[in-house]
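Beneath this line is the structure, given in structure tokens, with notes to follow.
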Amino acid sequence: MPEPKVGIIMGSQSDWPTMKEAAKILEELGVPFETKIVSAHRTPDRLWAYGKSAAERGLKAIVAGAGGAAHLPGMVASKTRVPVIGVPVQTRALSGVDSLYSIVQMPKGFPVATMAIGAAGAANGGLMAAAILANEDPALAERLEAWRAALSASIPDAPEDIEE
Ligand code: RP5
């Protein structure tokens, strides 16, 4: 197994259906990744250790998803220089606006690249991580270009009536 280049982390098992979208993209693009549950509130020591070791373990990007009081992406960003991509997970109570606000408004000095709320944000998180790696990996850059071209080619020119 190749060493993981991207870490996909999430605050809870309940975030996995969302964060799986990031994993699917990285699988499609042939980017080695790892997945872990790392909760800012429930497993703070695990969070600390993960952030502290991320760079030396060779991670080039971290996609971090959490919902509600979503402190995971920001706390990991405070502990590592590895780029952190934040995914606000949709919540029942506040539809994920709580997660978005918890992730996006970082203080100067410790950025988190914040994606959209929910599954699209997680998929884009995977794509963003791949784009970061592609800067130094021409073969991956080619696969990413092909992926984007295939998506563009799949969009029809005009709408049609579809039976509901
Ligand atoms: C956050 O609380 C997690 O990221 C999750 O989105 C949310 C709810 O967690 P569970 O109660 O479902 O474990 O920390």
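The values are calculated or read from the model by the stated rules, or taken from the named source; none is laboratory data. This is a predicted model, so every value here is computed, not measured. Here Cβ is always computed from backbone atoms with ideal geometry, including for glycine, and neighbour counts include all displayed protein chains.
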Reported set for the stretch 1-18 where residues are part of a helix (DSSP H, G or I) and either within 19 Å of LEU133 (Cα to Cα) or within 9 Å of the ligand (Cβ to nearest atom) (or both) is GLN13, SER14, ASP15, THR18
So, first residue closer than 15 Å to ILE9 by Cα in the stretch 103-127, second residue modelled with pLDDT under 95 and of a type in the set (Val, Ile, Thr), Cβ within less than 6 Å, six or more apart or across chains; the pairs are none
- [ ] Output yes when any residue across the stretch 35-55 is β-branched (Val, Ile, Thr) and without any contact (Cβ under 8 Å) to a residue 12 or more places away in the chain, and no when none is.
- [x] yes
Of (1) surrounded by fewer than 21 Cβ atoms within 10 Å (Cβ to Cβ); (2) over 30 Å from ARG143 (Cα atoms); (3) in contact with a helix residue (DSSP H, G or I) (Cβ under 7 Å, 6 or more places away or on another chain), LYS60 satisfies every one except (2)
Selection from the stretch 19-56 of residues within 13 Å of the ligand (Cβ to nearest atom), surrounded by fewer than 23 Cβ atoms within 10 Å (Cβ to Cβ) and among the β-branched types (Val, Ile, Thr) yields ILE37, THR43
Q: Can you confirm whether the stretch 88-105 contains a residue that is farther than 28 Å from TRP147 by Cα, more than 16 Å from the ligand (Cβ to nearest atom) and either at pLDDT below 95 or surrounded by fewer than 18 Cβ atoms within 10 Å (Cβ to Cβ) (or both)?
A: yes
